Amino acid sequence: MTVQVKDMVLEKVGIGPVSARVYQGAEFGKGAPIVLFFHGGAFLESGIQAGIKASAVAESMAKAGAIVAIPDYNAPLGNVFPKPLEVGYSLFSYLANKRASGIGDRNSLLLIAGEEAGGNIAAGVALKARDHYADALDGQILISPLLDPFMGTSSIREADGIGMRQRWSEGWSHYLSGGGCHPYAAPCLCSRIAGVAPALIFTAEDDPLRDETVGYAARLKAAGVEVRQHILPAGGGWPSIYGGKTDGTSNWQENVSRQFTSFVQELSVQHQLH
């Protein structure tokens, strides 16, 4: 499916206008799922250009029939917690209330997604949605999310090899520089994760964020959350999605599209039953 890309401004978001880049399949149908996608960038990048880095994953979802909106979520209030999360939640609330005005329609499933630092924001928005607006969020898609500010897992030791350890360390220091470490800022430290939206979670065997991703998936499952977890094979270029050095040729797109389609189909069935 051919993917169309357009830039737009979401005018009536609670915190003020937010620029976004929207990907959608040319033949997307009525009731196409809406995906609010938070780009990566180690908590340090903002601007529509940062969202372009997410285009490979966004295109995979758009090719599967979704409407994917990548907002410039760091621009309105800055990129130190809790400001990006406030913008993310405000965008989620806007889309939940305005599905019939420009993006999707009232029959559309609403999902949030994010990769790397954006995966952190998506997980935090999912927690906040559970606490304040639970029925509006149909699912969350976490793509190698940055969840552990202590960078204490075994797999994170591989970050030096792909040139990401210092960047992630600087990113965490910046993101948490407002003081304290709220559970929404570091979801892996959150003690109460039951009741969040069903999750589709991706990592890869050669992903330094693998252990914290898999660990969070296990905790969600233990808390009774429906989880689909996929660990992609090493050598498929996966670390390139967040700027990591890799010798592999990217070959994960079709897998992501297929798993996304299956996840949406399952959510649609559950939605109809309710």
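Every read-out reported here was derived from the displayed coordinates using simple, explicitly stated rules and does not represent laboratory data. Predicted model only: the values in this text are computed from it and were never measured. Cβ: placed from backbone, ideal geometry, glycine included. Neighbour counts: every protein chain shown.
The figures follow:
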{"quantity": "Gain on full stretching of the segment that runs from Asn251 to Gln270 - 0.36 nm per residue minus C-alpha separation", "calculated": "3.8 nm"}
{"quantity": "Modelled FRET efficiency - R0 22 Å, Ser191 with His230, Cβ distances, 0.05 increments", "calculated": "0.25"}
{"quantity": "Residues His39, His132, His271, His230, sorted so that the one with the fewest Cβ neighbours within 10 Å comes first", "calculated": "His132, His271, His230, His39"}
{"quantity": "Over 28 Å [Cα-Cα, the chain], rounded percent", "calculated": "27 percent"}
{"quantity": "Rounded, prolate or oblate (a/c below 1.5 giving rounded, otherwise prolate when a/b exceeds b/c) for the stretch 207-260 by Cα gyration tensor", "calculated": "oblate"}
{"quantity": "Among beta bridges that DSSP assigns inside the chain, antiparallel share in %, nearest 5", "calculated": "35 percent"}
{"quantity": "Label-point separation in nm, Glu205 to Arg106, each point 7 Å along Cα→Cβ", "calculated": "4.9 nm"}
{"quantity": "Contour excess over end-to-end distance, with Cα ends at Gln4 and Leu77 and 0.36 nm allotted per residue", "calculated": "23.4 nm"}
{"quantity": "Net charge dipole size for the chain [Lys, Arg +1 and Asp, Glu -1 on Cβ; Debye, nearest 20]", "calculated": "540 debye"}
{"quantity": "Loop-located trypsin sites (Lys or Arg not before Pro) in the stretch 158-207, at most 12 other Cβ atoms within 10 Å (DSSP)", "calculated": "Arg192"}
{"quantity": "Out-of-range pairs (alpha-carbon distance over 31 Å; input Lys12/Lys128; Lys12/Lys221; Lys128/Lys245; Lys63/Lys128; Lys30/Lys128)", "calculated": "Lys12/Lys221; Lys128/Lys245"}
{"quantity": "Whether the stretch 131-222 is rounded, prolate or oblate, judged on the alpha carbon gyration tensor where a/c under 1.5 counts as rounded", "calculated": "oblate"}
{"quantity": "Which of Ser262, Ser144 has the fewest Cβ neighbours within 10 Å, and the rest in rising order", "calculated": "Ser262, Ser144"}
{"quantity": "Potential lengthening between Glu11 and Met151 on full extension [0.36 nm per residue; Cα-Cα distance subtracted]", "calculated": "46.7 nm"}
{"quantity": "Dipole axis of the stretch 116-197 (+1 Lys, Arg; -1 Asp, Glu on Cβ), positive-most option in Gln166, Phe150, Ala136", "calculated": "Phe150"}
{"quantity": "Relative contact order %, the chain, counting alpha carbon pairs below 8 Å whose residues are six or more apart", "calculated": "18 percent"}
{"quantity": "Spin-label pair His132/Asp160, simplified geometry with 7 Å Cα→Cβ offset, distance in nm", "calculated": "4.1 nm"}
